[in-house]
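K.L.:
Provided herewith is a single structure, encoded as C-alpha cells, for subsequent inquiry.
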Amino acid sequence: MKALASFSAFVGKTFAVWVLLFAVLGFVFPETFKFFGPYIVTLLGIIMFGMGLTLSVDDFREVVRRPVDVGIGVASQFLIMPLLAVLLTKIIPMSPEVAAGVILVGCCPGGTSSNVMTYLGKGDVALSVACTSVTTLAAPLVTPFLVWFFASQFLPVDAWAMFMSIVKVILVPLALGVLAQKLIPGIVKAAVPALPLVSVTGIVLIVAAVVAGSKGAIATSGLLIFVVVVLHNGIGYLLGFTAAKLTGMSLAKRKAIAVEVGMQNSGLGAALANAHFSPLAAVPSAIFSVWHNISGALLANYFARMKDDK
C-alpha cells in the first residue's frame with residue numbers, strides 16, 4: 001500500500017505530463033481510446049466520488065469564517081470566465097459547436113487541481129478549497145443557467161437536462177463519497193492516498209476519449225481552439241488576480257483567486273458537451289484540461305517567488 005501511495009503521489013505531481021501524453025495518444029490511436037467515449041460521465045462520477053471522500057466540515061468553515069473572501073472568489077469564477085468566453089466568441093470567428101464548447105467550459109465550476117496549484121504557488125489554500133467546494137455545489141443550478149443564457153445563440157440548450165446531468169455526475173457522487181466517510185471511515189482513510197492516481201486516470205481517459213472522437217475536427221481547427229483556450233485561461237488568471245487586488249485582498253488570497261478563476265472543471269465541461277451538444281463542442285474542454293495544468297504549474301512556480309507588496 002505504501003508503494004501504491006508513493007506512485008499515486010508521483011502521478012499527482014506529474015499530472016500535466018500525463019494529460020498531455022494521453023491527449024497525444026488519443027490523437028495518434030483514436031480507435032483505441034474511442035472505447036472510453038461512452039464512459040466519460042462514469043469516469044467523471046468516479047472522480048467526483050473521490051472528491052467527496054476528501055471533503056470535510058473544515059472546507060466549509062471557511063465560508064462562514066470568511067464569507068466576503070469566498071463570495072468574491074465564487075462571483076469571480078461565475079462572472080469572469082463566462083463573460084470572457086462570450087467575448088472571445090465575438091472576437092474570434094469559430095463554428096457554433098466550438099463557440100458553445102468555449103462558453104460551456106467557461107461556465108463550469110473551479111477545478112480541484114486549482115487547490116494543488118495554489119499550494120505550490122504559496123497561496124491561500126483554505127480559500128481555494130472553499131471556493132472550489134462552493135462553486136462545485138452551486139454548479140447544478142448556475143452552470144445550466146449560464147450556458148442557456150450565453151450559448152443558446154449557437155446551439156439549442158436544454159437547461160433542465162443539463163441540470164439533471166450535473167446532479168448525477170457531481171452531487172450524487174459527492175454525496176456518496178461523504179456518506180462513505182461516515183459509514184466506512186477506516187476504509188476511506190486507507191484509500192485516500194490512492195485518490196490522486198484515480199483522479200488522474202479518470203481525467204486522462206476523458207481527455208483521450210474526447211480527442212480520439214474529434215481527431216478530424218482537431219486536425220482542422222485544433223490550432224484555433226488552442227489559441228482560444230490559452231487566451232481564455234491566461235486572461236482568466238489575470239482578471240481573477242486583478243479582481244482580488246481591487247477588493248483589497250492580500251497576496252496569498254490574490255494568488256488563490258487567480259488560480260481558482262483560471263482553472264476550470266474541464267472534465268465536467270467535456271462530459272456535458274459530449275452529452276448535450278456534440279463531440280466537437282467537447283474539444284475546448286479537452287484542450288483546456290491539457291493546457292490549464294501546464295499553465296497552472298508555470299503560474300504556481302512564478303507565484304511561489306512573488307513577495308507581498310504590503
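K.L.:
Applying the Karplus parametrisation 6.51 cos²θ - 1.76 cosθ + 1.60 with θ = phi - 60° to the phi angles of segment 31-44, what ³J(HN,Hα) value in whole Hz is obtained for each residue in order, glycine and proline being reported as x?
P.N.:
My calculation for segment 31-44 gives 5, 5, 8, 4, 3, 7, x, x, 9, 4, 5, 4, 4, 5 Hz in order.
K.L.:
Can I ask one more? Based on the Kirkwood radius over alpha-carbon pairs, what is the Stokes-Einstein translational diffusion coefficient of segment 231-306 at 4 °C with 1.567 mPa s viscosity, in µm²/s?
P.N.:
The calculation lands on 99 µm²/s.
K.L.:
Ok, one more. If you build the convex hull over the alpha carbons only and average its shadow over all orientations, what do you get for segment 72-231? Give it in nm² to one decimal.
P.N.:
Over every viewing direction, the Cα hull of segment 72-231 projects on average to 10.9 nm².
K.L.:
With the Cα gyration tensor of segment 46-89 in hand, convert its eigenvalues to equivalent ellipsoid semi-axes via √(5λ) and list them largest first in whole Å. Mind showing how you got there, number by number?
P.N.:
Values: eigenvalues 139, 68, 3 Å².
Equivalent ellipsoid semi-axes, largest first: 26, 18, 4 Å.
K.L.:
For segment 165-310, would you read off the P(r) tail past 28 Å as a percentage of all alpha carbon pairs?
P.N.:
Across segment 165-310, Cα pairs with separations above 28 Å total 35 percent.
K.L.:
Solvent-accessible area per residue for the chain at a 1.4 Å probe radius, Å²?
P.N.:
43
K.L.:
Go through F154, F226 and list them by solvent-accessible area, largest first, probe radius 1.4 Å.
P.N.:
F226, F154
K.L.:
Still on this structure, I have one more. Just to verify a number: FRET efficiency for K182 and V63, C-beta to C-beta distance, R0 = 25 Å, to 0.05?
P.N.:
E(calc), rounded to 0.05, equals 0.75.
K.L.:
With a 1.4 Å probe and all protein chains left in place, how much of the accessible area of the chain comes from carbon and sulfur atoms, in whole percent?
P.N.:
Heavy-atom surface of the chain belonging to carbon and sulfur, 1.4 Å probe: 74 percent.
K.L.:
Can you tell me the dipole magnitude for the chain around its Cα centre, using point charges on the Cβ only (Lys, Arg +1; Asp, Glu -1), in Debye to the nearest 20?
P.N.:
620
K.L.:
Let me ask something additional. Rg and Dmax of segment 105-191, Cα atoms, in Å?
P.N.:
Both quantities, over Cα of segment 105-191: 15.9, 50 Å.
K.L.:
Next question, about the same structure. Direction-averaged shadow area of the convex hull around the Cα atoms of segment 23-99, nm²?
P.N.:
8.4
K.L.:
Here are labelled values, (i) 19.8; (ii) 20.8; (iii) 19.1, and one is the computed Kirkwood radius over Cα pairs in Å for what I pasted. Which one?
P.N.:
Read-out taken from this structure: (iii).
K.L.:
Using Cα pairs under 8 angstrom and six or more residues apart, how large is the relative contact order of the chain, in percent?
P.N.:
35
K.L.:
Mind jotting down the three principal axis lengths of segment 191-263 based on Cα atoms? Whole angstrom, largest first.
P.N.:
Extents along the principal axes: 46, 41, 10 Å.
K.L.:
Follow-up question, since we're still on this one. So what is the diffusion coefficient of segment 1-154 in µm² per second by Stokes-Einstein at 20 °C and 1.002 mPa s, using a Kirkwood Rh over Cα pairs? Intermediate results must be reported in sequence, preceding the final value.
P.N.:
On the way: Rh = 17.8 Å.
Calculated translational D: 120 µm²/s.
K.L.:
Rounded to whole Hz and in sequence order, give me ³J(HN,Hα) for segment 254-271 from the Karplus expression 6.51 cos²θ - 1.76 cosθ + 1.60, θ = phi - 60°, writing x for Gly and Pro.
P.N.:
The phi angles translate into 4, 4, 4, 5, 4, 5, 4, 6, x, 9, 10, 7, 6, x, 5, x, 5, 5 Hz.
The values are calculated or read from the model by the stated rules, or taken from the named source; none is laboratory data. No experiment lies behind these values; they were computed from the predicted model shown. Note that we place each Cβ from the backbone using ideal geometry, even for glycine, and neighbour counts take in every protein chain shown. SASA here: full protein model, heavy atoms, side chains in, ligands and nucleic acids out. Shrake-Rupley method; radii C 1.70, N 1.55, O 1.52, S 1.80 Å.
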